[in-house]
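J.: Have a look at this one.
The values are calculated or read from the model by the stated rules, or taken from the named source; none is laboratory data. Keep in mind that what you see is a predicted model, and the values were worked out from it rather than measured. Virtual Cβ from ideal backbone geometry, glycine too; neighbours counted across all protein chains shown. What goes into the accessible areas is simple: the full protein's heavy atoms, side chains included, and nothing from ligands, DNA or RNA. Shrake-Rupley method; radii C 1.70, N 1.55, O 1.52, S 1.80 Å.
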Amino acid sequence: LLQRLVGQHDFWKNNKWLRMMMSVPGAIVLESNIKKAASFKVNQLVRNARAIHKIAEYESTEGYETLLSRALLSFEKTSERREDFGGFFSTWKRLFSGKLFSEDGIWFTARLISGNVGQLTLCVFLISFFVNLQRSDFFQNELSKVAESEKWRLMAPLRYGLAVSEITIIIITLNYVPSTTRTVLLFRSGGIPSLHDARFWKLRVAVDQASLLFGTLFWGSLYTAILIGLFSMVFLAIILNKELAPQVLNIFASFLGLVITVILKILVLMIMRRKYHRGYYRTNPAKANLLGIIIESWNLGLTTQYMIIRCLKLLLAATLFIGRVDVPFLTEDANNLGLLEIDHFPLVFRKDVLTHEAHRHPYLERIGVMYMMKLRHSNFGNYVGTIWRLLFIFAMTPWLRKYRSTDDNLDVSNFRYAANRLWTGRMPFSISKKTSFLSSGYRGTPSVLNTADQREDNITELSILRRQQKNMEKEIIRLKEENEILRSTMYSQQ
């Protein structure tokens with residue numbers, strides 16, 4: 001109906017985002033982006049492999065090196081290349097361009113989006129609360145008791161605290177999207193250990209704790225904004241107070257003296273370190289030892305104020321991280337006091353990320369399509385196609401062989417793909433049997449009888465496939481040997 005009403009308008013025709021938002025549901029758009037990301041990643045994998053082979057072709061070699069060995073050598077040379085990604089500005093830029101969804105395959109959870117919306121509503125709430133407080137009778141009566149020339153000393157800290165609170169909420173809100181993207185990419189690239197980590201089991205249990213996230217995003221941001229706003233308001237109020245002006249000047253003078261002393265210390269130490277030290281070694285032991293005694297005596301007095309500054313910095317950082325549950329504030333060693341875990345909300349955040357990543361990863365989407373095709377068409381992904389796929393991988397991307405499972409003890413007959421059903425390599429029931437289940441009023445999951453005959457058939461089929469695979473591997477080895485003989489003969493003739 002909407003397309004009929006405004007379909008002929010130029011603004012509707014030229015604005016693809018408006019057409020997408022008004023005519024296509026958001027979930028369908030996100031699902032299609034995951035499929036696009038899967039295609040993009042596979043195509044990019046092939047492009048990179050072609051580039052590596054192209055480099056290997058132009059490399060000068062001696063002896064009888066094959067193109068495969070040169071490709072592996074070229075891959076090792078380029079394997080240390082890294083791509084910096086997950087920054088604040090780059091993430092938002094890719095989000096607005098759509099590449100974050102169609103190329104990277106990032107899926108933002110509903111909890112994250114609703115939490116960000118809740119955080120932005122806090123900004124409106126704090127402004128409305130401040131305006132109502134300023135217009136209230138109690139505040140106006142108290143303000144009337146203050147002299148007209150001194151009212152600004154009361155209003156300035158209040159407005160400054162409100163502004164700092166608003167900025168704090170906005171900064172926390174804007175950092176959640178880049179932080180989530182960075183966490184997802186770190187899990188995918190191995191920057192955060194997952195399946196092979198001994199402590200990964202903590203992320204696989206009690207995944208229902210993800211329901212805590214929306215409340216932590218909302219209330220954590222509110223508490224952070226209130227504490228930071230109060231701290232800023234009290235700090236400015238103390239500075240502007242007439243009665244405390246002498247004490248404030250003394251504190252400021254002491255702080256300024258400390259800063260000047262630290263700057264002089266840094267400059268002197270830079271000169272002395274260059275003259276008497278080279279890394280961990282001393283070029284002049286006697287003078288270096290004398291310098292060490294002087295520094296020890298000097299630092300004994302300075303560390304009292306250093307510890308006060310450190311305490312204030314840690315308190316300020318802890319206050320800021322009340323609303324940031326996406327990144328751990330404490331390391332794993334400092335986070336555990338015996339059996340007590342101080343802050344487990346970053347772990348809950350990662351559980352939610354991995355829960356959606358287990359369903360929305362672009363490669364999982366692609367392999368899920370392959371599995372569904374196998375279940376729908378029994379001749380899809382047969383033995384011949386598997387051998388051709390292996391040959392393609394060995395030739396195009398030989399470095400992927402290290403990820404191939406070589407365990408001969410795998411029993412395919414015990415692979416479970418659904419509740420109470422065993423994988424047999426073909427559809428567990430035919431279309432007619434499926435129709436009979438539905439027509440009989442059965443609403444559960446139909447199961448396959450696990451008889452001894454079926455087990456024997458599966459074992460026999462598996463042994464035949466293994467024997468055929470070994471024969472194919474021998475044939476490949478024989479072809480390689482013949483290729484080497486022909487290559488050596490060609491070189492000898494030249």
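J.: In the set L213, L217, L227, which member is aliphatic (A, V, I, L, M), within 17 Å of the chain's Cα centre (by Cα) and either more than 15 Å from V348 (Cβ to Cβ) or surrounded by 19 or more Cβ atoms within 10 Å (Cβ to Cβ) (or both)? Don't jump to the end; show me each part of the working.
T.: Numbers: L217 fails: within 17 Å of the chain's Cα centre (by Cα); L227 fails: within 17 Å of the chain's Cα centre (by Cα).
Answer to the check: L213.
J.: Also, quick follow-up: Would you confirm whether any residue within the stretch 381-390 is on the phi > 0 side of the Ramachandran plot and of a type outside the set (A, V, I, L, M, F, W, C)?
T.: Step one: list which residues in the stretch 381-390 are on the phi > 0 side of the Ramachandran plot, which gives 381.
After this cut, where a residue has to be of a type outside the set (A, V, I, L, M, F, W, C) as well, the list is 381.
Yes: one or more hits.
J.: Among the residues of the stretch 99-119, are any in a helix (DSSP H, G or I), of a type in the set (D, E, K, R) and farther than 25 Å from H359 by Cα?
T.: Looking only at the stretch 99-119, we keep the residues that are in a helix (DSSP H, G or I), and these are 99-102, 110-119.
Filter once more, keeping what is of a type in the set (D, E, K, R): 99, 111.
Next cut, farther than 25 Å from H359 by Cα only: none.
No, because not a single residue in the stretch 99-119 is in a helix (DSSP H, G or I), of a type in the set (D, E, K, R) and farther than 25 Å from H359 by Cα.
J.: On the basis of being under 24 Å from I170 (Cβ atoms), small (G, A, S), at pLDDT 85 or above and exposed (fewer than 13 other Cβ atoms within 10 Å of the Cβ), does S97 make the cut?
T.: Values: under 24 Å from I170 (Cβ atoms): yes; small (G, A, S): yes; at pLDDT 85 or above: yes; exposed (fewer than 13 other Cβ atoms within 10 Å of the Cβ): yes.
Here the answer is yes, as S97 does meet what is asked.
J.: Would you check if there is a residue in the stretch 268-281 being more than 30 Å from V348 (Cα to Cα), open to solvent by less than 40 Å² (accessible area, probe 1.4 Å) and either touching a Pro at 6+ places or on another chain (Cβ under 8 Å) or in a helix (DSSP H, G or I) (or both)? Spell out how you get there, then give the answer.
T.: The first filter runs over the stretch 268-281 and keeps only residues more than 30 Å from V348 (Cα to Cα), leaving 268-281.
Keeping just the survivors that are open to solvent by less than 40 Å² (accessible area, probe 1.4 Å) gives 269, 276.
Cutting the leftovers down to either touching a Pro at 6+ places or on another chain (Cβ under 8 Å) or in a helix (DSSP H, G or I) (or both) gives us 269, 276.
Yes: one or more hits.
J.: Now, a different point. May I ask you to list pairs of residues, at least six apart or on different chains, whose Cβ atoms are under 7 Å apart, with the first in the stretch 365-377 being at pLDDT 85 or above and the second being open to solvent by 80 Å² or more (accessible area, probe 1.4 Å) and of a type outside the set (A, V, I, L, M, F, W, C)?
T.: Close Cβ pairs satisfying both conditions: E365/K35.
J.: Now for a different question. All but one of (1) in a loop (DSSP other than H, G, I, E, B); (2) open to solvent by 60 Å² or more (accessible area, probe 1.4 Å); (3) within 28 Å of R50 (Cβ to Cβ) hold for G381, so report the exception by its number.
T.: (2)
J.: Is it true that F255 is surrounded by 13 or more Cβ atoms within 10 Å (Cβ to Cβ) and within 43 Å of the chain's Cα centre (by Cα)? So that I can check it myself, show each step before the final result.
T.: Values: surrounded by 13 or more Cβ atoms within 10 Å (Cβ to Cβ): no; within 43 Å of the chain's Cα centre (by Cα): yes.
The answer is no for F255.
J.: Condition first: farther than 18 Å from T216 by Cβ and surrounded by fewer than 19 Cβ atoms within 10 Å (Cβ to Cβ). Now tell me which residues in the stretch 103-122 satisfy that. Explain how you work it out, then say what you get.
T.: Going residue by residue through the stretch 103-122, those that are farther than 18 Å from T216 by Cβ are 103-107.
Once the filter is applied, which keeps residues that are farther than 18 Å from T216 by Cβ and surrounded by fewer than 19 Cβ atoms within 10 Å (Cβ to Cβ), the stretch 103-122 yields only E103.
J.: Shifting gears a bit: Looking for whichever is more than 25 Å from G118 (Cβ to Cβ) and modelled with pLDDT of 85 or more here; the options are R188, R182. Which one fits? Step through it out loud before you land on a result.
T.: Values: R182 fails: more than 25 Å from G118 (Cβ to Cβ).
Result: R188 is the single residue among R188, R182 that is more than 25 Å from G118 (Cβ to Cβ) and modelled with pLDDT of 85 or more.
J.: What is the residue count in the stretch 225-276 for residues that are hydroxyl-bearing (S, T, Y) and closer than 19 Å to Q305 by Cβ? Walk me through it before giving the result.
T.: In the first step, residues of the stretch 225-276 are kept if they are hydroxyl-bearing (S, T, Y); the result is 232, 254, 261, 276.
Filter once more, so that each one left must be closer than 19 Å to Q305 by Cβ: 254, 261.
Here the count works out to 2.
J.: OK, next. Taking the condition polar (S, T, N, Q) and touching a His at 6+ places or on another chain (Cβ under 9 Å), does T304 pass? I'd like the intermediate steps shown before the answer.
T.: Working: polar (S, T, N, Q): yes; touching a His at 6+ places or on another chain (Cβ under 9 Å): no.
Considered against the rule, which asks whether it is polar (S, T, N, Q) and touching a His at 6+ places or on another chain (Cβ under 9 Å), T304 comes out as no.
J.: Pick from S79, S23, S74, S60: which is within 32 Å of the chain's Cα centre (by Cα) and either open to solvent by 70 Å² or more (accessible area, probe 1.4 Å) or at pLDDT 75 or above (or both)?
T.: Numbers: S79 fails: either open to solvent by 70 Å² or more (accessible area, probe 1.4 Å) or at pLDDT 75 or above (or both); S23 fails: either open to solvent by 70 Å² or more (accessible area, probe 1.4 Å) or at pLDDT 75 or above (or both); S60 fails: within 32 Å of the chain's Cα centre (by Cα).
After applying the criteria, what remains is S74.
J.: May I ask you to verify whether G98 is in contact with a Pro (Cβ under 6 Å, 6 or more places away or on another chain) and either without any contact (Cβ under 8 Å) to a residue 40 or more places away in the chain or more than 28 Å from G220 (Cβ to Cβ) (or both)? I'd like the intermediate steps shown before the answer.
T.: Values: in contact with a Pro (Cβ under 6 Å, 6 or more places away or on another chain): no; either without any contact (Cβ under 8 Å) to a residue 40 or more places away in the chain or more than 28 Å from G220 (Cβ to Cβ) (or both): yes.
Against the criterion (in contact with a Pro (Cβ under 6 Å, 6 or more places away or on another chain) and either without any contact (Cβ under 8 Å) to a residue 40 or more places away in the chain or more than 28 Å from G220 (Cβ to Cβ) (or both)), G98 does not qualify.
J.: Additional query: Just the residues that are buried (at least 16 other Cβ atoms within 10 Å of the Cβ) and assigned to a helix (DSSP H, G or I), please, taken from the stretch 324-351.
T.: N335, F345, P346, L347, V348, F349, R350, K351 - these are the residues of the stretch 324-351 that are buried (at least 16 other Cβ atoms within 10 Å of the Cβ) and assigned to a helix (DSSP H, G or I).
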